[in-house]
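Q: Next up is a structure, given as structure tokens.
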Amino acid sequence: MANDAEMTLEVEIFDGSGNFADWSEQVILALQQKGVLDYVESDMHAGTAEEPDKKKFNPADSKADGLAVAIILRCMSKSHRKRFIRSTAFEVWMELQKLYGVPNTEDLQPDEQD
């Protein structure tokens, strides 16, 4: 039996015609497994309340955000991923929710009671 570090989740490719809610649950689990779920839940690159126009830049955050974007894009058809190439994970996720109608990631969190 494989341990958690060796386990990988297989996520179907989303082309816009499938069930977005089911697909997004699978992506949420993949993001959580890699430790980058926070990057779709909040805009890690946004400015602060005091300086809303000043973007934060932390190389570690940028690398993790890039990983989150890559995970999401790899789970999408080529025709869908082209529009998101230069976006943050948060921007990609918000746009997908807007296009396909899932309100937010809180509704997609895996139950911790299981």
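Bear in mind these aren't lab numbers, they're just calculated from the coordinates by the rules spelled out. Nothing here was measured: the structure is a model prediction, and the numbers come from that model. Cβ coordinates were reconstructed from backbone atoms using ideal geometry, including for glycine residues, and neighbour counts include every protein chain displayed.
Q: In whole Hz and in residue order, list the ³J(HN,Hα) couplings for region 76-91 that follow from phi through the Karplus curve 6.51 cos²θ - 1.76 cosθ + 1.60, θ = phi - 60°; x for Gly and Pro.
A: Per residue, the Karplus-derived 3J(HN,Hα) values read 10, 5, 4, 5, 7, 6, 4, 6, 10, 3, 9, 10, 7, 4, 4, 5 Hz.
Q: With a Förster radius of 25 Å, plug the Cβ-Cβ distance of residue 26 and residue 61 into 1/(1 + (r/R0)^6) and report the FRET value to the nearest 0.05.
A: Working: r = 24 Å, r/R0 = 0.97.
The value I calculate is 0.55.
Q: Place the peptides 75-81, 27-33 in order of packing, highest mean first, counting for every residue the other Cβ atoms within 10 Å and averaging per peptide.
A: Details: 75-81: 15.1, 27-33: 19.4.
By packing density, highest mean first, the sequence is 27-33, 75-81.
Q: On to the next question. Pull out the extension gain between residue 77 and residue 100, defined as 0.36 nm times the separation in residues minus the alpha carbon to alpha carbon distance; nm, one decimal. Don't skip to the answer; put the middle values down first.
A: Details: separation 23, 0.36 × 23 = 8.28 nm, distance 1.48 nm.
Full-extension gain reported as 6.8 nm.
Q: Also, quick follow-up: Amide H to amide H under 5 Å from residue 14: which residues, 5+ apart in sequence or cross-chain, H placed 1.01 Å off N in plane?
A: 76, 77
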